[in-house]
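To start, the structure itself, in C-alpha cells.
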Amino acid sequence: MPRGSTHPAQGAMESTSSTPSSVTPQWDVFPQKTLGPIDITILVLYFVFVLAVGLWSMWKTQRSTVKGYFLAGGQMVWWPVGASLFASNVGSGHFIGLAGSGAASGIAATAYEWNGMFSVLVLAWLFLPIYIAAGVTTMPEYLQKRFGGKRIQIFLAILYLFIYIFTKISVIVQRSLAAKNLSHAKGGSLMTSYLKILPLFMMVMPGMISRVLFPDLVACAEPEICQKICGNPSGCSDIAYPKLVIELLPVGLRGLMMAVMIAALMSSLTSIFNSASTIFTMDLWKHFRPRCSEWELMIVGRVFVLLLTVVSILWIPLVQAGQGGQLFIYIQSISSYLQPPVAMVFILGCFWKRANEKGAFWGLVLGLLMGVIRMVLDFIFPEPQCGERDTRPGVLRYMHYLYFSMVLAAASTLTVLLVSLLTEPPSEEMISRLTWFTRGDPPAKKDLSVSTSPDTAKGAREAERPALQIDISIASENSTNDNKCPTGTKKDSKLVRTLLWLCGMERRQENPEDVAPAKPERPMASLEENPLVKHILNINLILSICAGVFLWAYFA
C-alpha cells in the first residue's frame, strides 16, 4: 500500500473517535445558526400584531377601574377564558422546562399536566361557585372572609409575593372570574382541560427527540462540559427545545416558532404579574390604606409589576442551580413545599363548616414551617452530580419531594382538625355563602345603624363590599380632593392625556356618581345556569374526565 494512503478501517476508527457532528470544539450550542431576514420579519410582524391588539383592548375596555384592570370587566365568554387559562399556564416553564424534563427523564413529567386536566375542572365545578357567591377575587381574600381576622390573609399574601410564581393558583381563579357567568367559566375550564392533552406531543416528545439527535449537548453529564455548553454545570437539558427549533426548522418556520415561544413567555409572565399585583394591591395595600382611591390602587398595581420584573431577573441564578438544572422540576418541587398547607386549609374551609380561624392559622404555620425548612435544605444541600456520593440528610436523600408534600398535607390537615375541634366554632357570618353547602344562602342584610358617624358607615360599606363589586368613581372623588392627583384637571395637555391613556389611567367622563348602584347584585345572578347549557357542560365534563383517565391508563 502506498506510503501516503490510509487503510479504510483506520479511517473508520479515526472518524468514530473524533468529535461528534453535533459538538464543536468550542461546545457552541448553535454553531453558525442565526435568524434570517424572513425570521426577523415574522418576529417584527408578531410584535406589531401584539401592539395593535393591546391598543385595541386598551381602547375597548375600562382599565381605569379595579374590576376592569384585574378581571377584564367580568365580561369574557367561554373561549377567551379557556384560551387565557391555557396560555397563562404555558410559558417558559413548558417550552423550556417541560421539554427539558422530557429530555432528561422521558414522559413522566407529563403527569403534572394531565393532573391539571382534573384540577381545572374541580375549580370550575366545585370552587368557583363558592368564589362567586362570596364575591372574592383571591384566595387570601376568601380565607379572610371565611375565617375572619386579618392575619391569615396577610400571611398568605406575603407568602405569595415572596415567591410570586406560586400565584398561578390565583391566576387560574382570576381568569375564571373574568367570565360573564358560571356557564362560560365552566366552558373555559373544559376547553383548558382538553388543551392540557397537548403538552406531551408539543413539548415533552420534542424534548426527547432533541436528546436523541444531540446527545452530547442536551444530555451532557460532566459539570465542566455542561458549563462550557450552556453555562450551567447542573445540566443542559433545558436547551432541548430551542436547539431543535434552531437546528431543524427551515427559514420562516424558525421565526414563527420563536414568536410562539415568546408569546407563551409573555402570556405566562403577564398573568403572574397581574395576579401578584392583585394580591399586593387588594390584600396588603388596602389593609394598610383602607380608604385609598381607585386611582391610587391602579398606580400601586402597575408600580408593583415593575418591582416584580426586577425580582425575577435577580432570581435567575438560583433557578439555574435548582433540581439538576431542570426548570420544570424546580418549579414543581418548590410548589410541593409551599402549596399543600394552603390547599388543605382552603379545601377544609370550603367543605367543613366547623373549621375556624385558629385551626386554619396554626395549620398554615406548622405546614409552611416544615415546607420552608425542607426548601432551605434543598438549597443548602444540592442534588449530587452523577457518580458523586450522596451525603445529603436523610430527609432529602430518601424522601422525594412529592412524598414530602403528602406529609405536609397530612400534618396541616390534622392540625386544622384538632385545633378547630378544641376551640370555639365559627360564627354564622363566617359560614353563610362561604362554603359549598351554604353557597345558596340569601345575602346577609347590611345593617349600618350602629355606625356612629357618616365616615364610619362609609368605611363599613367599603369593608363589606366584595372585591368583584368595587365601583368607585375616580372623577367625583378627585373633584372633592383635587390635591391628590392634579394631573386629572381640565388643563391636562394632549400629551399627558395620551400618556395616562397608554398607562390605563384615563379618567372617566365627569358625570357625578350616578353610576349604577345596582351593579353589586351581578355576581349573585351569575350563579344561575341555563338547564340545556348545564346538561351540555356536564356531559363534556364526563367526556373530559374519561379522556384523562384513558391517557393515564394507556401511558402508565
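The values are calculated or read from the model by the stated rules, or taken from the named source; none is laboratory data. What you are looking at is a predicted structure, and each value in this text was computed from that prediction instead of being measured. Please note: Cβ atoms are built from the backbone with ideal geometry, for glycine as well, and neighbour counts cover all protein chains shown. Heads up: the accessible areas ignore ligands, DNA and RNA and are worked out on the full protein's heavy atoms, side chains in. Shrake-Rupley method; radii C 1.70, N 1.55, O 1.52, S 1.80 Å.
Some values worked out for this structure:
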{"quantity": "For G149, net neighbour charge (Lys/Arg +1, Asp/Glu -1) across residues whose Cβ lies under 12 Å away", "calculated": "+4"}
{"quantity": "Separation in nanometres of the label points that stand 7 Å from Cα toward Cβ, at F30 and L418", "calculated": "5.5"}
{"quantity": "Long-range Cα-Cα pairs in region 331-411 (distance over 19 Å), rounded percent", "calculated": "42"}
{"quantity": "Solvent exposure, largest accessible area first (probe 1.4 Å, DNA, RNA and ligands not counted), of V310, V533, V29", "calculated": "V310, V533, V29"}
{"quantity": "Gain in span if fully extended, A553 to Q385, counting 0.36 nm per residue against the direct Cα distance", "calculated": "57.2 nm"}
{"quantity": "Charge context of C236, other residues only, Cβ under 14 angstrom, K/R +1, D/E -1", "calculated": "-2"}
{"quantity": "Rounded to whole Hz, the Karplus (6.51, -1.76, 1.60) HN-Hα couplings of region 120-126, x for glycine and proline", "calculated": "5, 6, 4, 4, 6, 8, 10"}
{"quantity": "Radius of gyration, Dmax [region 176-309; alpha carbons; angstrom]", "calculated": "21.1, 61"}
{"quantity": "R0 of 30 Å, Cβ-Cβ distance H287-A410: FRET efficiency to nearest 0.05", "calculated": "0.40"}
{"quantity": "Per-residue HN-Hα couplings for region 393-398 [Karplus 6.51, -1.76, 1.60; θ = phi - 60°; Hz; x = Gly/Pro]", "calculated": "x, x, 5, 8, 6, 10"}
{"quantity": "Length gained when the stretch I225-N530 is fully extended (0.36 nm per residue, less Cα-Cα span)", "calculated": "103.7 nm"}
{"quantity": "Hz values of 3J(HN,Hα) by residue in region 367-374 - Karplus curve (6.51, -1.76, 1.60), Gly and Pro given as x", "calculated": "x, 5, 5, 5, x, 5, 4, 5"}
{"quantity": "Expected-Rg normalisation [2.2 N^0.38 Å, Cα atoms] applied to region 324-376", "calculated": "1.34"}
{"quantity": "Kirkwood-type radius of region 102-246, with distances r between different C-alpha atoms, in Å", "calculated": "18.0"}
{"quantity": "Kirkwood Rh, angstrom, region 384-449 [1 / mean 1/r, Cα pairs]", "calculated": "16.7"}
